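I have placed the structure first, in the form of structure tokens, so that the comments after it can refer back to it.
Each reported figure results from applying straightforward, stated rules to the coordinates on display, with no laboratory input. For clarity, every value in this text was computed on a predicted model and none was experimentally measured. No Cβ is skipped: glycine too gets one built from the backbone with ideal geometry, and neighbour counts run over all protein chains shown.
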Amino acid sequence: MERVTKDMPTLLLVNPHSRRGKQTFERLSDELGDVLNLRGSALTTSADDMSQRIREGLDGGIRRFIIGGGDGTLSHAADVLAGSNGVLGVLPLGTGNTFSHGLGLPATLPHLLKLLAEGPVARYDVGLAEKDHSHKIFLNSLTVGFSERLVELLSREVKDRLGYLAWIVAFRHALAGTPTMQVALSWPDGHDEYQTRQLMIVNGRTIAAGISATPMSSGQDGLLEVFRLGDPSLVSIVRLGTKLLTGRLLTDREAHYAAVKEVSVRTNPALPVNIDGEIWKNTPLACRVIPGSLLVITPSSQGQSPDRWPLVTRTLGGPRTLMPRFRTYSTESSRNLK
């Protein structure tokens, strides 16, 4: 499949708990119904409800699934759609909208609707976390460390009030409450051990908003990027974080960067993992990439590089904030190194 078409049977599912989900649902449903073959639309009641609706849609001949929500919502949808003939269309209605940044989606609603109706389709990788007999798909990243505490601090109320700035406000408190962990990693042709307070395993083009791990990061390369965000000291974390923000992470051996197809993770102490903004199980666990398993509507069949810097927040219908070069959708407009 090279492109979606207007007559392709389509289902719209929106998470009402996402930042702009409930407020924009009716209008989005109406406007999508004007430009494509919308067979149904719903505000989902839970992740399980969304998964069940997607399964029923696939069984009933639905080919295009337009999902409105944040990164956690999209990961739940990908858990069902990966490996199927269903095509994912993204409506970025969350706070960070990391996956939509990696796709390079249009910055206005009319252009986004046109893309969803007749845009190119590309194959994207998904990451797979496995523990015991359970598994979980991730589109962007799996992290261990202060990100778990960050999720606890970033309540829906805080994110609705502060938007992207909520992440910055919560960072210091999360860091202070996170212990140092000993990390042991292994993959088929190598291994690594170190101490840190934040481990990153990245599948997608971007980690948060428009931030990429490296200039070569891709959601279509069949690799997971694994690195630490500095040693346990605040100085190291800030220094590596700055290099990450400015695209110079690969120049620092302290990151312990590796690009691998699979990796086993152990930490001492055992800690919860954060998958695309939601807490899953505790370490130890295994991760691997499933190349090209997810069909996604994108501006280009080869994917598109997102804005990296200054930071850009793209939330459909979101209010303006005091971020550099802020842009939002408007509903008013119709390698290894150690």
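Values for this structure:
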{"item": "Listed peptides 65-73, 286-294, 53-61 by packing density, highest first (mean Cβ within 10 Å)", "result": "65-73, 286-294, 53-61"}
{"item": "Cα principal axis extents for segment 225-275, largest first, Å", "result": "28, 26, 20"}
{"item": "Dimensions (Å) - segment 128-291, Cα atoms, principal axes, largest first", "result": "44, 37, 30"}
{"item": "Sorted by Cβ neighbour density within 10 Å, fewest at the top, the residues 200, 8, 216", "result": "216, 8, 200"}
{"item": "Cα centroid separation, segment 184-224 to segment 85-130 (Å)", "result": "21"}
{"item": "Counted charge near residue 178, where neighbours are those whose Cβ lies closer than 14 Å (Asp, Glu -1; Lys, Arg +1)", "result": "+1"}
{"item": "Estimated distance in nm for a label pair at residue 268 and residue 37, the labels positioned 7 Å out from Cα along Cα-to-Cβ", "result": "5.9"}
